[in-house]
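The values are calculated or read from the model by the stated rules, or taken from the named source; none is laboratory data. Keep in mind it's a predicted model, so treat the numbers as computed, not measured. When we count neighbours, we look across all protein chains shown, and the Cβ atoms used for this are built from the backbone with ideal geometry, even at glycine.
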């Protein structure tokens, strides 16, 4: 697959990932943390704000074409 096509697809996937993730994280907070303390909200949004980076890293690695290194036998 050409690198330009991979980057285009990856960019679309990243945009969709961020939008969908933000909607679900906010909906979850609204439903389950509505009556919670302000510090609970702060902690929740700090954690969920950092957690989206994990799937984004996978997409970015795919876009760049990195392959996992094979184990070397000794």
Requested in this report: Please name all residue pairs, on different chains or six or more residues apart, with Cβ atoms under 8 Å, provided the first residue is in the stretch 52-74 and is at positive phi and the second residue is surrounded by 10 or more Cβ atoms within 10 Å (Cβ to Cβ) and at pLDDT 60 or above.
Outcome: 65/3; 65/6
**Report entry** Answer residue from the stretch 1-31, given it is surrounded by 14 or more Cβ atoms within 10 Å (Cβ to Cβ) and over 17 Å from the mean Cα position of the chain (by Cα) and is farthest from residue 59 (Cα to Cα) among those
**Finding:** 29
